[in-house]
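Scroll down for the structure; my scribbles are underneath it.
Read-outs: derived from the displayed coordinates by stated rules, not from any lab. All values derive from a computational prediction rather than experimental measurement. In this analysis, Cβ positions are derived from the backbone assuming ideal geometry, glycine residues included, and neighbour counts consider all displayed protein chains.
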Amino acid sequence: MKWLLLFVPLAIALEHLAPSRTLLIFACAALAIIPLAALMARATGLLASKLGPAIGGLLNATFGNAAEFIICLAALRSGLQQMVKASLAGAIVGNILLVLGLAMLLGGWRRHEQRYEPAPIRSLATMLTLAVIALVLPAAFVSIAPAERDSLGAISVWIAMALMAVYACNVLYTLVTHRQLPVDEAGAHETHGHPVPAWTPRFAGMVLAGATFGIVWMSEILVSVIEPATQSLGLSPAFAGVFVLAVLGSAAEQATAIVAARHDRMDLAMSIALGASVQVALLIAPLLVIVSHFVGPTPMSLLFGPGLVLTLVLAVMITGQVAGDGRSDWLRGVQLLAVYLILAGVYYFAPGLPEA
């Protein structure tokens, strides 16, 4: 992916020299984020392995989905709240349908089946179910009591705090009180699934700082042109949020999960795919709700539109059925990918993102 770093100076140059070429600027900024996210993940993995499981787990919790958080924060500052919600939903759905589907398909293509420890995967699936319940409730509240819509902000903050508390308990449970995990699962928590490069901790810290700064810069460029760029491509805001913006920050994570599955390490692949969705649902989304009270035009609520709510419910439902028994094969991957492609087709023809 290192050659993709060439798109960083190219995106900056185009923004200043050819600001009207919005589609080209969007493509360059999007491609530039992918290697920067990979560098951030590798630097985080090295620092986590050097600092021990407790501090390393906290570091991974902070930077594991940092790219998604930075992109969403840039969109939030620009007032694109509905795009942010679509991106969050898309990140959850993409990890458990697209990434997990590809991992099962490619990992099981020349194997009868692959095995993994079911207990930690069921735990992650339960966390996802909890998160979806929390994200569905604001929409249910508004439909039942529309006259009390003014209470939605307070309800969202309360739910956000509860989700972050659950996520903190999950980190404590995984890294401290119940550390009897399979080797691959433990490795995923300590290094976030990325190979540890031969860097010194000081150099890794410099790479982490530089990659974070680069993602912030590229995200600002990306968000500034996303609306005209997607319009020129004929894409609806719904499709752009769920299936374009959501994929960019986690591309490196997705590739790692698929490679792990091809090497018959399904514990690791499942942990990365489901763990990334859990982190988005229980940490990134609630944190953005809290941060939105200090940045952006107006605070963001956890009220997702009916389409996004239904998408999350269906994705988590089929993932729980497919991933709970400790085995996988290529047909299960096809089933997950079929759901993702059906959703993509529906969203492609969706007219927009209605105000929730």
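The table that follows gives values for the structure above.
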read-out: Cβ-based exposure ranking for W109, W330, in which fewest neighbours within 10 Å come first; value: W109, W330
read-out: Most positive-pole-ward Cα, A350, L97, S236, against dipole of the chain from beta carbon charges; value: L97
read-out: Value at 222 nm in deg cm²/dmol, rounded to 500, when DSSP H runs of n ≥ 4 in the chain each add -39,500 (n - 2.57); value: -23000 deg cm²/dmol
read-out: Furthest towards positive pole of dipole, V259, V313, I159, structure part the chain, Cβ charges; value: V259
read-out: Relative contact order [Cα under 8 Å, 6+ residues apart], the range 2-348, whole percent; value: 41
read-out: Derived scalar couplings ³J(HN,Hα) [the range 83-95; Karplus, 6.51 cos²θ - 1.76 cosθ + 1.60; whole Hz; x for Gly, Pro]; value: 5, 4, 5, 5, 5, 5, 4, x, 5, 5, 5, x, 5
read-out: Dipole magnitude (debye, nearest 20) for the range 2-348, charges at Cβ of Lys, Arg, Asp, Glu; value: 440
read-out: From the coordinates shown, P(r) over Cα pairs in 10 Å bins from 0, in percent corresponds to which of (1) 5, 17, 23, 25, 21, 8, 2, 0; (2) 5, 22, 29, 25, 14, 4, 0; (3) 6, 25, 35, 26, 8, 1; value: (3)
